[in-house]
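See structure below.
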Ligand code: NBP
């Protein structure tokens with residue numbers, strides 16, 4: 001018996017993808033550099049379907065039905081090149097190599113071009129949803145030729161996540177398109193997580209909610225338009241108590257976020273493409289800031305928003321065991337000393353201080369529900385911006401590399417099988433269906449209406465955060481982007497003037513065509529055409 005497809009690289013992702021294929025009735029050749037993994041897979045999961053274990057690349061290739069379909073699931077970077085070099089000489093024209101790892105799309109373009117020369121199809125494929133997705137249905141984002149999609153489409157459709165019966169996979173576009181889209185997906189994921197984290201910070205330290213109360217708030221949000229996997233797990237996490245200490249779980253986790261690199265790539269690529277993804281960039285930088293223990297330690301004693309000395313600050317409240325253990329909402333958010341509070345109360349309007357009630361929150365007891373609703377609006381509006389920016393970057397990449405990516409179809413395949421899965425993506429699909437050429441999602445009817453409805457609350461939440469010294473880089477970057485796009489005039493006019501002044505970089509005028517330079521040093525009354 002021959003195998004329908006083969007998987008080489010049987011760590012968590014490869015093993016689960018092979019099992020997913022086998023469970024869907026495909027005969028799967030399996031191989032791994034270290035043979036023990038191959039044996040372990042067959043021993044543990046052999047009963048799930050047909051596996052053809054191979055000890056060597058030659059044996060593996062010989063067991064495959066033609067045209068051969070080889071899925072490579074090894075560590076991205078040099079290992080992927082090594083494995084391709086090992087297998088390519090054993091394959092024949094028309095065979096297909098799939099790279100399901102998290103490769104950089106420029107590497108994928110390079111590999112695709114080299115293998116095309118040798119008559120092989122190379123399909124850089126984004127596979128999302130982690131190990132759970134690989135096993136039970138990921139979102140699959142293949143690049144590569146139309147011909148390779150013909151060879152792979154039916155398999156991918158059968159193993160992908162399904163939403164309303166529709167598989168979460170589509171042919172994204174040629175060469176690196178699949179890995180590009182997966183990269184931006186991850187960048188959006190960074191932004192989504194950051195925005196949720198800021199919402200949490202505001203609810204806790206401005207709203208004075210306990211983790212348990214916040215779990216309920218996130219559950220409520222998850223029943224509405226924010227319904228998504230990330231909101232759902234956030235509620236679960238906030239409801240979780242550390243078994244060892246009895247404290248809210250979120251309080252025992254070190255507050256230094258790590259990253260593997262796809263968020264960073266999204267921003268680096270956006271810079272190269274001139275695509276303004278400031279919301280995503282802030283999310284990447286926020287993780288970076290959190291991880292800089294040295295900077296944070298050095299700056300720890302800087303005063304918060306108070307004109308008086310402010311010995312107690314947020315970090316202190318989090319570190320104090322007794323306080324952290326209280327799950328009843330009584331945790332004081334101690335940003336500033338008494339004098340500072342009074343000053344804040346004087347100017348803070350709605351963000352009045354609870355003082356008397358002893359809750360220590362900065363929002364009045366009676367206003368807490370309303371404040372949470374405003375945070376929901378700020379979160380939703382910021383989320384629209386982050387996704388709009390991500391889709392703009394995909395469009396920019398598609399234009400730059402000639403991929404002709406269908407943005408609505410891309411949104412549709414993220415509805416299931418990936419970390420950002422949400423009903424929200426169906427709204428994006430619908431928005432692009434309604435106006436495929438829209439320059440931005442912000443102006444499509446559904447989102448424009450939501451932004452109009454949310455913007456006052458959004459501004460108020462950002463203002464409250466700024467007054468209280470709660471960092472909200474995601475919320476404020478998104479709002480600044482929104483205000484920049486809708487502005488009549490931007491101060492870029494002054495920047496252009498400065499550039500012309502010091503570097504003769506020229507400017508264009510609002511009242512006539514052409515490129516001009518003012519003779520600043522000699523005679524500023526003289527403008528010359530350049
Ligand atoms: P890893 O990224 O940890 O890679 C381990 C696999 O690579 C093993 O099978 C290992 O073989 C093989 N390998 C290495 Br390392 N160097 C090799 C070489 N020179 N020649 C042959 N094989 C080599 O595995 P993973 O976490 O399953 O991820 C696989 C891919 O999927 C990665 O690109 C990852 O970025 C991507 N991805 C991962 C996730 C996730 O949640 N983990 C999600 C989405 C995508 P050995 O057993 O002989 O050491």
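Values computed for the structure shown
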quantity	calculated
Test result for residue 12, assigned by TED's automatic domain parsing to the domain that holds residue 129, within 10 Å of the ligand (Cβ to nearest atom) and within 24 Å of residue 116 (Cα to Cα)	no
Identity of the residue in segment 69-90, under 23 Å from residue 151 (Cα atoms) and within 8 Å of the ligand (Cβ to nearest atom), that ends up farthest from the chain's Cα centre (by Cα)	86
Any pair with Cβ under 6 angstrom, 6 or more apart, that starts in segment 142-169 at a residue that is touching a residue at least 12 places away in the same chain (Cβ under 8 Å) and ends at one that is crowded, with 17+ Cβ neighbours inside 10 Å and in a helix (DSSP H, G or I)	142/178; 143/177; 143/178; 159/20; 159/21; 168/413; 169/156; 169/413
Matching residues, segment 91-101, being farther than 26 Å from residue 272 by Cα and either in contact with a helix residue (DSSP H, G or I) (Cβ under 9 Å, 6 or more places away or on another chain) or within 12 Å of the ligand (Cβ to nearest atom) (or both)	91, 94, 95, 96, 97, 98
Hits in segment 483-505 (condition: under 25 Å from the mean Cα position of the chain (by Cα) and either surrounded by 22 or more Cβ atoms within 10 Å (Cβ to Cβ) or assigned to a loop (DSSP other than H, G, I, E, B) (or both))	none
Filtered residues of segment 19-40 (kept if more than 11 Å from the ligand (Cβ to nearest atom), assigned to a helix (DSSP H, G or I) and either under 32 Å from the mean Cα position of the chain (by Cα) or in the same structural domain as residue 417 (by TED's automatic domain parsing) (or both))	19, 20, 21, 22, 23
Options 12, 7, 28; residue that is closer than 16 Å to residue 83 by Cβ and touching a helix residue (DSSP H, G or I) at 6+ places or on another chain (Cβ under 6 Å)	7
Which numbered condition residue 161 fails, given (1) under 19 Å from residue 420 (Cβ atoms); (2) more than 15 Å from the ligand (Cβ to nearest atom)	(2)
Those residues of segment 464-480 which are part of a helix (DSSP H, G or I) and buried (at least 16 other Cβ atoms within 10 Å of the Cβ), in sequence order	464, 465, 467, 468, 473, 474, 475, 476, 477, 478, 479
Residues that are assigned to a loop (DSSP other than H, G, I, E, B) and within 18 Å of residue 181 (Cβ to Cβ), drawn from segment 408-439	414, 415, 416, 417, 418, 419, 420, 421, 436
Selection within segment 466-477 - within 25 Å of residue 367 (Cα to Cα) and touching a helix residue (DSSP H, G or I) at 6+ places or on another chain (Cβ under 6 Å)	470, 472, 473, 474, 475, 476
Of all residues making up segment 107-135, the number that are in a loop (DSSP other than H, G, I, E, B) and within 11 Å of the ligand (Cβ to nearest atom)	1
Unmet requirement for residue 104, which otherwise passes all of (1) surrounded by fewer than 21 Cβ atoms within 10 Å (Cβ to Cβ); (2) more than 10 Å from the ligand (Cβ to nearest atom); (3) more than 23 Å from residue 188 (Cβ to Cβ)	(3)
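The values are calculated or read from the model by the stated rules, or taken from the named source; none is laboratory data. Keep in mind the model is a prediction, meaning the values are calculated, not measured. Virtual Cβ from ideal backbone geometry, glycine too; neighbours counted across all protein chains shown.
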